[in-house]
Amino acid sequence: MAASEKLRLGVNIDHVATVRNARGGAYPDPLRAARIAEEAGADGITAHLREDRRHISDADIEGLMEVLTVPLNFEMAATDEMQKIALRHKPHAVCIVPEKREERTTEGGLEVAREENRLAHFIAPLREAGSRVSIFIAAEQRQIEAAHRIGAEVIELHTGAYCDAHAEGRMDEAQAELVRLGEMATFAKELGLEVHAGHGLTYDTVSPVAAFPEVMELNIGHFLIGEAIFLGLEPAIAQMRRLMDEARQGG
């Protein structure tokens with residue numbers, strides 16, 4: 001794979017809905033954010049429909065399926081309710097993520113190795129319906145091997161540990177996490193999996209991950225929505241796109 005191959009950017013619009021829901025009205029509209037993201041260079045839109053509907057709503061998913069011209073990556077827990085919703089809408093991609101009601105955000109990767117049989121049966125109908133199935137996991141060999149065995153086509157490596165260490169100034173740990181991400185991206189690619197990455201990425205942390213030639217897509221949300229307060233959504237996304245492209249091209 002050429003290092004210059006374009007890296008896709010998926011923009012997660014969950015936290016536009018978080019701001020909307022704080023007041024219980026209709027503004028700001030996540031669908032409007034999705035359209036702006038498309039115009040700014042996003043290659044896809046990511047939305048996580050949580051069990052408690054704390055940000056994205058069922059109506060948001062329906063609206064996104066109607067208006068998007070780029071693929072929708074539908075993040076969801078491995079529950080019967082979410083499976084039914086995904087099978088009804090048949091989004092381009094379904095990313096299976098861990099979810100605990102009390103957590104503020106997705107705190108770690110999915111435990112695949114201990115639930116192989118259940119997850120294999122869970123994702124089979126999604127694949128049959130035409131959705132690409134991705135599994136959000138830590139950069140661990142046993143989890144990657146398990147994701148491969150259950151029939152996932154894509155894995156998304158959790159970059160949170162790297163980003164947290166970087167933000168807290170623990171640079172040796174950040175570098176060690178980065179090395180591990182790179183090694184596991186290579187391992188997954190060798191198994192035939194498509195490799196994505198995301199969680200916590202910022203302007204300061206994106207470039208080393210974007211430079212991994214095995215990584216085909218980054219999914220970034222919270223930071224971009226935060227930067228949009230100061231820059232506007234389109235300039236915030238355009239800057240991330242520029243940093244990703246420069247890293248990919250070795251610049």
Worksheet item: Using a Gaussian network for the chain with springs between C-alpha atoms less than 10 Å apart, which of these wobbles most: 66, 234, 38?
Response: 66
Practice prompt. Express the Stokes-Einstein translational diffusion coefficient of region 26-183 in µm² s⁻¹, to the nearest whole number, given a Kirkwood radius over alpha-carbon pairs, 25 °C and a viscosity of 0.890 mPa s.
Written response: 147
Item to complete: Set the Förster distance to 22 Å, then compute FRET efficiency between residue 128 and residue 81 from the Cβ-Cβ distance, nearest 0.05.
Response: 0.70
Response to the item:
Comparing 24, 198, 41 in a Gaussian network model of the chain (Cα, 10 Å), the one with the largest mean-square fluctuation is 24
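Hey, can you find the accessible area per residue of the chain for me, probe 1.4 Å, expressed in square angstrom?
45
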Worksheet, complete the sentence: For region 200-213, Karplus-derived ³J(HN,Hα) couplings (6.51, -1.76, 1.60; θ = phi - 60°; whole Hz; x for glycine and proline) come out as x, 5, 10, 4, 7, 10, 6, 4, x, 6, 5, 6, 5, x
Discussion item. With viscosity set to 1.306 mPa s at 10 °C, what whole-number translational diffusion coefficient in µm²/s follows for region 156-197 from Stokes-Einstein and a Kirkwood radius over Cα pairs?
Written reply: 150
Discussion item. Please give the charge dipole size of region 92-251, origin at the Cα centre, charges +1 on K and R Cβ atoms and -1 on D and E Cβ atoms. Round to the nearest 20 debye.
Written reply: 320
Worksheet item: Among 230, 187, 74, which one shows the biggest mean-square fluctuation in a GNM of the chain, springs joining Cα atoms closer than 10 Å?
Response: 230
Fill in: Neighbour cut-off at most 13 other Cβ (10 Å), DSSP loop, GluC sites (Glu not before Pro), region 160-249
168
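What's the FRET efficiency of residue 58 with residue 172 using the Cβ-Cβ distance as r and R₀ = 41 Å, to the nearest 0.05?
Working: r = 45 Å, r/R0 = 1.09.
Step by step, r from the Cβ atoms, then E = 0.40.
Could you work out the local net charge near residue 168, counting Lys and Arg as +1, Asp and Glu as -1, over the other residues with Cβ closer than 14 Å to its Cβ?
Once positives and negatives cancel, what remains is -4.
The values are calculated or read from the model by the stated rules, or taken from the named source; none is laboratory data. Values in this document were obtained by computation on a predicted structure and should not be read as measured data. A quick note on method: Cβ atoms are made from the backbone with ideal geometry, for glycine too, and the neighbour counts reach across all protein chains shown. Note: accessible area is taken over every heavy atom of the protein model, side chains too, but ligands, DNA and RNA are not part of it. Shrake-Rupley method; radii C 1.70, N 1.55, O 1.52, S 1.80 Å.
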